[in-house]
Amino acid sequence: MTQSQLADILIARLVRDHGGTRQRWRKVVGPIRIYGLNTHPHCNWMVDATGSTSDIAKVESLLDELRQNHPIVAADR
């Protein structure tokens with residue numbers, strides 16, 4: 001899975017589960033950062049969500065699930 005594929009899954013799930021637009025959720029989620037496997041061998045990606053406390057909680061809850069299913073992500077080329 002790539003960085004952009006993970007972002008697409010994340011955004012689609014947020015829209016489906018909580019409503020709103022893809023553009024709105026993409027702003028809340030922000031970029032997905034990828035780290036090297038030598039320093040982050042168990043999960044090499046991170047998101048710093050911004051927005052309301054409620055929005056951040058929704059994103060963080062979904063991130064926990066996605067980290068279990070997709071711990072290693074390749075950077076987009």
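For this structure, a couple of remarks:
- Any hit, region 48-57, residues being free of Cβ contacts under 8 Å to residues at least 60 places away in the same chain, surrounded by 13 or more Cβ atoms within 10 Å (Cβ to Cβ) and not in a helix (DSSP H, G or I): yes
- Flag if S4 is open to solvent by 70 Å² or more (accessible area, probe 1.4 Å) and in a helix (DSSP H, G or I): no
- Per this entry, L37 is counted among residues that are surrounded by fewer than 14 Cβ atoms within 10 Å (Cβ to Cβ), outside any strand (DSSP E or B) and on the phi < 0 side of the Ramachandran plot.
- Candidate set: region 58-77, residues that are of a type in the set (K, R) and either closer than 25 Å to R16 by Cβ or touching a Cys at 6+ places or on another chain (Cβ under 6 Å) (or both); chosen: the one surrounded by the fewest Cβ atoms within 10 Å (Cβ to Cβ): R67
- Within region 53-77, the set of residues being more than 10 Å from the chain's Cα centre (by Cα) and hydrophobic (A, V, I, L, M, F, W, C) comprises I56, A57, I72, V73, A74, A75.
The values are calculated or read from the model by the stated rules, or taken from the named source; none is laboratory data. Keep in mind it's a predicted model, so treat the numbers as computed, not measured. As a convention, Cβ positions derive from the backbone with ideal geometry for all residues, glycine included, and neighbour counts pool all protein chains shown. Note: accessible area is taken over every heavy atom of the protein model, side chains too, but ligands, DNA and RNA are not part of it. Shrake-Rupley method; radii C 1.70, N 1.55, O 1.52, S 1.80 Å.
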